[in-house]
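The values are calculated or read from the model by the stated rules, or taken from the named source; none is laboratory data. All values derive from a computational prediction rather than experimental measurement. Glycine also receives a Cβ, built like all others from the backbone with ideal geometry; neighbour counts cover every protein chain displayed.
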Amino acid sequence: MANISLKNVKKSFGSVEVIHDVSLDVRDGEFLALVGPSGCGKSTLLRMLAGLEEVTAGEIQIGAKTVNDLSPRERNIAMVFQSYALYPHMTVRQNMSFNLRLSGTPKAQQNERVDEAARMLGLENLLDRKPANLSGGQRQRVAMGRAVVRNPEVFLFDEPLSNLDAKLRVQMRAEIKALHQKVRTTSVYVTHDQIEAMTLADRIVVLNGGIIEQVGRPLDLYREPANLFVAGFIGSPA
Ligand code: ADP
Ligand code: MG
């Protein structure tokens with residue numbers, strides 16, 4: 001687990017600035033949801049945390065380290081996307097242990113970690129299957145399992161449930177919450193779904209046009225939105 005700190009972070013693509021001077025602290029073990037309309041910069045912010053996008057200005061710290069110049073692999077984070085990106089020719093076990101194999105973890109330890117994550121995510125009976133023989137929800141659980149086995153300091157989620165149907169989304173939401181309660185890994189969860197953010201997050205960050213409109217606990221945002229944008233987005237009582 002680690003706290004995350006963004007200090008005056010900016011991002012430009014060419015001459016267009018899309019993240020304007022964002023400062024934010026994520027606490028150790030916290031589940032933080034990042035919400036806002038399409039195009040407001042959620043993925044860009046998350047990709048900068050992951051090291052997939054360079055920071056134009058400012059500083060990002062994870063734990064005690066400034067990570068601006070560290071590659072994704074050096075950051076000890078795990079990212080879960082909406083496209084599951086599982087390897088089709090590998091079994092569930094092989095998919096889950098892939099990153100451990102790359103990092104040279106001994107075989108016995110790989111199996112131990114995969115078994116533990118599989119128990120946590122209800123995948124024990126699916127370890128020998130190929131992704132083609134899994135449902136959408138099962139695939140998403142394997143993608144999470146692949147992140148969990150690495151025992152990262154930070155989980156980053158980018159709209160991981162947006163490809164699933166409504167019923168499955170509700171079920172997976174509960175699973176993500178249960179998982180976080182077990183592992184307590186600091187998590188940043190991007191979604192454009194307010195309800196998902198309200199049910200999952202310790203705190204919510206509302207992003208709009210590359211700036212933070214408000215940060216707070218779900219009920220506080222709901223009851224005391226800082227402005228009309230937050231009120232409209234979080235859905236205050238009429
Ligand atoms: P969100 O995830 O909230 O929908 P994004 O972070 O994907 O928003 O995008 C924020 C803004 O940055 C958008 O205007 C988008 O067009 C722009 N953008 C994102 N990635 C790139 C890129 N690689 N090159 C140019 N513009 C980009
Ligand atoms: Mg996005």
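Please go through segment 10-59 and pick out each residue that is part of a strand (DSSP E or B) and more than 19 Å from the chain's Cα centre (by Cα). Hits for segment 10-59 are LYS10, LYS11, SER12, PHE13, VAL16, GLU17, VAL18, HIS20, ASP21, ALA57, GLY58, GLU59.
When ARG129, ARG139, ARG184 are screened for being over 30 Å from LYS10 (Cβ atoms), in contact (Cβ under 8 Å) with a residue 24 or more places away in the chain and buried (at least 19 other Cβ atoms within 10 Å of the Cβ), only ARG139 passes.
Per-residue answers, yes or no, for (1) closer than 25 Å to HIS20 by Cα; (2) out of contact with any Asp or Glu (no Cβ under 9 Å at 6 or more places or on another chain); (3) modelled with pLDDT of 90 or more:
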{"site": "GLN61", "(1), (2), (3)": "yes, yes, yes"}
{"site": "SER71", "(1), (2), (3)": "yes, yes, yes"}
{"site": "TYR87", "(1), (2), (3)": "no, yes, yes"}
{"site": "MET90", "(1), (2), (3)": "no, yes, yes"}
{"site": "ASN99", "(1), (2), (3)": "no, yes, no"}
{"site": "SER103", "(1), (2), (3)": "no, yes, no"}
{"site": "GLN109", "(1), (2), (3)": "no, yes, yes"}
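Selection within segment 184-222: residues that are acidic (Asp, Glu) and within 19 Å of ASP158 (Cβ to Cβ). The member of this set that is farthest from ligand 1 (Cβ to nearest atom) is ASP202.
In segment 142-163, the residues that are of a type in the set (Ser, Thr, Tyr) form Cβ pairs under 8 Å with partners that are within 16 Å of ligand 1 (Cβ to nearest atom) and outside any loop (DSSP other than H, G, I, E, B), at six or more places apart or across chains, as follows: SER162/THR191. Would you check if there is a residue in segment 23-42 being small (Gly, Ala, Ser) and closer than 24 Å to LYS182 by Cα? So far as segment 23-42 goes, yes, one or more of its residues are small (Gly, Ala, Ser) and closer than 24 Å to LYS182 by Cα. Residues satisfying the criterion are present in segment 111-130 (criterion: in contact with a Pro (Cβ under 9 Å, 6 or more places away or on another chain) and either more than 30 Å from VAL55 (Cα to Cα) or not small (Gly, Ala, Ser) (or both)). For segment 69-89, the count of residues that are basic (Lys, Arg) and either more than 16 Å from ligand 1 (Cβ to nearest atom) or more than 27 Å from ARG169 (Cβ to Cβ) (or both) is at least one.
So, LEU126, is that one hydrophobic (A, V, I, L, M, F, W, C) and either more than 24 Å from ILE4 (Cβ to Cβ) or touching a Ser or Thr at 6+ places or on another chain (Cβ under 9 Å) (or both) or not? Answer is yes for this residue. Of the set (1) surrounded by fewer than 15 Cβ atoms within 10 Å (Cβ to Cβ); (2) closer than 26 Å to HIS20 by Cβ; (3) in contact (Cβ under 8 Å) with a residue 40 or more places away in the chain, all apply to LEU228 but (3). Of the numbered conditions (1) charged (D, E, K, R); (2) more than 17 Å from the chain's Cα centre (by Cα); (3) within 16 Å of ILE77 (Cα to Cα), ARG129 fails exactly one; give the number of that condition. Just one mismatch for ARG129, condition (3). Take the residues in segment 154-167 that are in a loop (DSSP other than H, G, I, E, B) and away from ligand 2 (no atom under 16 Å from the Cβ); name whichever of them is surrounded by the most Cβ atoms within 10 Å (Cβ to Cβ). Ranking the qualifying residues of segment 154-167, first place goes to LEU164.
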